[in-house]
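Below is one structure, written out as C-alpha cells; the observations come after it.
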Amino acid sequence: MWHKPHLLTAISDLLFLMAGAALLVAAVLWAAPRMQVLPIDELSVTHELREVRRQEIDLALGPLLRGNFLTVNVDAVRLALEQLPWVRRAEVWRKWPSIIEVRIEEHQAAAFWGDGQDRLVNTHGEVFAASLSREQPLPKLSGPAGSAGEVLRRQEEFTTILQPTGRQPTQLTLSPRLAWLLKLEDGLLVELGREQAKAPIRARLQRFVDYYPTLSDTRHGRPIAVDMRYPNGFALRFAAGTVQDIKGKK
C-alpha cells in the first residue's frame, strides 16, 4: 500500500472528509441551542385527559422543553410525566419538525386504599397517591403491603356473588392473618375468616347469600354482624351483644 500513492491520497482525503463531517456535526449540536434552530413550537397531547390537567403538564415539563427539537431529552420528559399523580404511563416522541407529542395512560380509580382518601387502587390493582377531582362512590379496600391486587380481585368476586341480595360491598379488609372482613352498604359486617380447603371463602359467602332474606326475621331484630367462619353454619351478633348460632347447610 505504501507503494501506491494514489491509494494513500484517497485514504487521506477520506479521513479529512470524516473529520470535517464530525466537526460540522459537533458545531451544529453546539450552536443549535444558542441559535434557536428548530425550536419546539408545540407540545401535543394525543387524546383527551380526564384527571390530568394541562397546567400540570406544562408546569412539570417547562424546564425540560427549553432546548430545541433536536436537543430535548424525551426520556426525561417521559419520566417527569410519570411523576404526576394520575399518570400511570407516558410515551413521548418527536414529530418533525417542531412538535413533541405525548400519549398518557391515566390511572382509573377502582377503590380507596387504606384509611385515608389520598391513596387509591387502579383497575390493575396498583396503589397510587392522588385525590379525586369529583366525588365517586368507590369502595374502601385495605390489606397488607402488596395485597392490593388480590383484595381488588376479591372485591369484584364478592360483588358478583352478592348481587341476589341487592346489597353492594362498600368495604373489604384483609387482615395481617389473611382473614377477610366485608361490610355491606347497609352497615352489616360479614366475617368470612381465612381461606380453607374444606370451607372456601366463596362457598361461605354463597351460604350468607342463601340465608340473607331470613336475617331480619330473627326474634332479636336485625343483626349488626354475621360470622361465616363456621364450616356449615353461622352466628349472628346483635347490637345488645347477643349472639345467636344458626346451623346451616353444607
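Numbers for the structure displayed
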| read-out | value |
| --- | --- |
| Qualifying position, being more than 22 Å from the chain's Cα centre (by Cα) and of a type outside the set (Ser, Thr, Tyr), among Pro144, Pro176, Pro139 | Pro176 |
| Failed criterion for Arg222 (all others in (1) surrounded by 14 or more Cβ atoms within 10 Å (Cβ to Cβ); (2) at pLDDT 95 or above; (3) of a type in the set (Lys, Arg) hold) | (2) |
| Per-region count, the range 107-118, residues at pLDDT below 95 and either in contact with a strand residue (DSSP E or B) (Cβ under 9 Å, 6 or more places away or on another chain) or at positive phi (or both) | 3 |
| Qualifying residue in the range 131-149 (condition: surrounded by 13 or more Cβ atoms within 10 Å (Cβ to Cβ), within 26 Å of Gln55 (Cα to Cα), in the same structural domain as Ile224 (by TED's automatic domain parsing) and not β-branched (Val, Ile, Thr)) | yes |
| Count of residues meeting criterion [of a type outside the set (Ser, Thr, Tyr) and in contact with a Pro (Cβ under 6 Å, 6 or more places away or on another chain)] in the range 70-97 | 0 |
| Residues of the range 62-103 satisfying the condition of being among the charged types (D, E, K, R), under 26 Å from His124 (Cα atoms) and in contact (Cβ under 8 Å) with a residue 24 or more places away in the chain | Arg88, Glu101, Arg103 |
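Every residue, every condition in (1) within 30 Å of Asn73 (Cα to Cα); (2) out of contact with any helix residue (DSSP H, G or I) (no Cβ under 7 Å at 6 or more places or on another chain); (3) of a type in the set (D, E, K, R); (4) free of Cβ contacts under 8 Å to residues at least 24 places away in the same chain, yes or no:
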position	(1), (2), (3), (4)
Glu105	yes, yes, yes, yes
Gln108	yes, yes, no, yes
Gly116	no, yes, no, yes
Val121	no, no, no, no
Gly125	no, no, no, no
Ser131	yes, yes, no, no
Gln136	no, yes, no, no
Ala145	no, yes, no, yes
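The values are calculated or read from the model by the stated rules, or taken from the named source; none is laboratory data. This one's a predicted model, so the numbers in the text were calculated from it and none came from an experiment. No Cβ is skipped: glycine too gets one built from the backbone with ideal geometry, and neighbour counts run over all protein chains shown.
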